Amino acid sequence: MVAKKTKRHKKLRIAHVHWAFPPIIGGVETHLVMLLPELVKRGHEASLLTGSAEGASVHETYKGVKITRAPIMNLNWLSKRGLVGIESEVRNVVGSFLDRARPHVVHAHNMNYFSKTHAKVLDEEVKKRKIPLVLTAHNSWDDMLFLRLTRKIRWDHIIAVSFYIKKELMGIGCDSNQVTTIHHGIDINRFKPTNRKAYSGRLAFLKNKEVIFHPARMGIAKGCDISVKAMRLVIKKFPNAVLVLAGTKNIVDWTATQQKDIAYIVDLIDESGIKNNVFIEMFTLDEMVKLYAISEVCLYPSTVGEPFGLTMLESLASGKPMIVTNSGGMPEIIQDGINGYVVPIKDYEAIANKIITLLDDGGLRERIGSTGRKFAELRFTKGVMAENNIKIYKQVTGIK
């Protein structure tokens, strides 16, 4: 009997380019932490050119992914230094990275914004080497820079993180056939329902409290002020309720607005007289997992056109109901009354009512949380996300 030959797929070399990677944290950075090791797990080579970060090496390996860091990719530094006279250095860094990685495809993330020079150099260097160039648009902006770099750069394909972002891209003239929506994925083995609630360390005081968790980074655009206003109403019925705000510092803060936002939110808390019912801190990923476990309800009342919102997936995978606003791509993930609730933007009274309803009814919390977990398992795993990206790589390279 002749053994049946197993069909072998060619190993791809995929070079990613983005402005930041942990210890800098944010939605795109978390996305890369999920995606890149999954590509390696599937037998491909993955590398990343990214910005420098305090305490991080120029060259390192993260779960099989080769990381290269350069100051010229650091947006926080560039915002202070300025973008004049950087082309030569950008070209040297990008060219050297591509020569080392020898990729079949280059995958850029949000390189259609922030710097015309970086986008121009990347476009020229990949075309010189005849390498397909893929963009993931994690955001959209209403200005000429976004319009020009999204349309003028010769992207071989664009990935949108939500149907909302795809619609925005089509609105500025991108060909629908050249844009594919791929939702983010989550590690459902790390974020998962559990009856084990750990109240150790600085989380100890949350024991016997009704924890309302706002996991998105602290800022006005993320609706933290709306969550604070809602809590004024919630504590009238649940005086032990505590709103946890995940304040952060290691982020890409291109417009330098976060500290101003935080100062306003802290003043709002003080003026509202609910200081004892709000906890603001910076949390590690392990602590975030624990916070989901001890939370009753999660909030993400964004007041802007939210592209996606990874914390929705963390909440769903953890089996926790999430309340979001009808903003951007969030209603694509949260279905009202099924795996969470969708409320109008800035409607803190509606948010408060949904929180109270969920705190009042443990059975309802369990049903909605369980449904959310099923959504995550079926549609939003990091494996599903990686496979969908690989399909695009094979499409643009012609490699099977």
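The values are calculated or read from the model by the stated rules, or taken from the named source; none is laboratory data. Since the model is a prediction, treat every value here as computed from it, not as a measurement. Methodologically, a virtual Cβ is constructed for each residue, glycine included, from the backbone with ideal geometry; neighbour enumeration extends over all protein chains shown.
Scanning the stretch 94-130 for residues that are at pLDDT 95 or above and closer than 11 Å to Trp155 by Cα gives Val106, His107, Ala108, Ala119, Leu122, Asp123, Val126, Lys127.
Listed here are the residues, each with its yes/no results for (1) surrounded by 23 or more Cβ atoms within 10 Å (Cβ to Cβ); (2) out of contact with any Gly (no Cβ under 7 Å at 6 or more places or on another chain); (3) of a type in the set (Asp, Glu).
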| site | (1), (2), (3) |
| --- | --- |
| Pro321 | yes, no, no |
| Glu332 | no, yes, yes |
| Gln335 | no, yes, no |
| Gly340 | yes, no, no |
| Pro344 | no, yes, no |
| Asp347 | no, yes, yes |
| Ile351 | yes, yes, no |
| Ser370 | no, no, no |
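The sole residue among Met111, Met73 that is surrounded by 16 or more Cβ atoms within 10 Å (Cβ to Cβ), over 30 Å from Ile334 (Cα atoms) and under 22 Å from the mean Cα position of the chain (by Cα) is Met73.
Please tell me if Ile186 is under 30 Å from Glu287 (Cβ atoms) and either touching a residue at least 40 places away in the same chain (Cβ under 8 Å) or not acidic (Asp, Glu) (or both).
When the stated conditions are applied, Ile186 passes them.
Look at (1) within 25 Å of the chain's Cα centre (by Cα); (2) touching a residue at least 12 places away in the same chain (Cβ under 8 Å) and you find that Met144 fails only one, number (2). For the stretch 137-154, indicate whether the set of residues that are in contact with a His (Cβ under 8 Å, 6 or more places away or on another chain) and closer than 28 Å to Ile334 by Cα is non-empty. Checking the stretch 137-154: at least one residue is in contact with a His (Cβ under 8 Å, 6 or more places away or on another chain) and closer than 28 Å to Ile334 by Cα. Would you check which residues across the stretch 316-336 are within 15 Å of Leu243 (Cβ to Cβ) and not charged (D, E, K, R) and list them? Met322, Ile323 - these are the residues of the stretch 316-336 that are within 15 Å of Leu243 (Cβ to Cβ) and not charged (D, E, K, R). Restricting Lys128, Lys63 to residues that are of a type in the set (Lys, Arg) and out of contact with any Pro (no Cβ under 8 Å at 6 or more places or on another chain) narrows the list to Lys128. When you look at Val121, is it buried (at least 16 other Cβ atoms within 10 Å of the Cβ) and over 23 Å from Leu83 (Cα atoms), yes or no? No, not satisfied.
Looking only at the stretch 195-220, residues that are modelled with pLDDT under 90 and surrounded by fewer than 17 Cβ atoms within 10 Å (Cβ to Cβ) come to 10 in all. Taking the numbered list (1) surrounded by 19 or more Cβ atoms within 10 Å (Cβ to Cβ); (2) in the same structural domain as Val278 (by TED's automatic domain parsing) in turn, Lys166 passes all entries but (2). Every test in (1) under 21 Å from the mean Cα position of the chain (by Cα); (2) crowded, with 21+ Cβ neighbours inside 10 Å is passed by Leu358 save one, and that test is (1).
Within the stretch 177-232, track down each residue that is touching a Leu at 6+ places or on another chain (Cβ under 9 Å) and among the hydroxyl-bearing types (Ser, Thr, Tyr). Listed by number, the residues that qualify are Tyr199, Ser227.
For the residues Glu296, Glu281, Glu271, Glu287, the requirement of being closer than 19 Å to Lys237 by Cβ and of a type in the set (D, E, K, R) singles out Glu296. Taken over the stretch 257-278, the criterion of being in contact with a helix residue (DSSP H, G or I) (Cβ under 8 Å, 6 or more places away or on another chain) and closer than 11 Å to Asp225 by Cβ is satisfied by Asp261, Tyr264, Ile265, Leu268, Ile269, Ser272.
Could we say that Pro215 is touching a strand residue (DSSP E or B) at 6+ places or on another chain (Cβ under 6 Å) and not assigned by TED's automatic domain parsing to the domain that holds Tyr113 here? Here the answer is yes, as Pro215 does meet what is asked. Looking across the stretch 370-391 at every residue that is β-branched (Val, Ile, Thr) and in a helix (DSSP H, G or I), the one that is nearest to Cys298 (Cα to Cα) is identified as Thr371. The number of residues in the stretch 137-174 that are of a type in the set (Asp, Glu) and in a strand (DSSP E or B) comes to 0. Looking across Thr303, Thr284, one residue alone is over 30 Å from Trp155 (Cα atoms), of a type in the set (Val, Ile, Thr) and free of Cβ contacts under 8 Å to residues at least 12 places away in the same chain. It is Thr284.
Go through the stretch 315-368 and give me each residue that's small (Gly, Ala, Ser) and in a helix (DSSP H, G or I).
If the condition is that a residue be small (Gly, Ala, Ser) and in a helix (DSSP H, G or I), then Ser315, Ala317, Ala350, Ala352, Gly362, Gly363 are the ones that fit.
In the stretch 114-141, the residue that is nearest to the chain's Cα centre (by Cα) out of those that are under 17 Å from Ile182 (Cβ atoms) and small (Gly, Ala, Ser) is Ala137.
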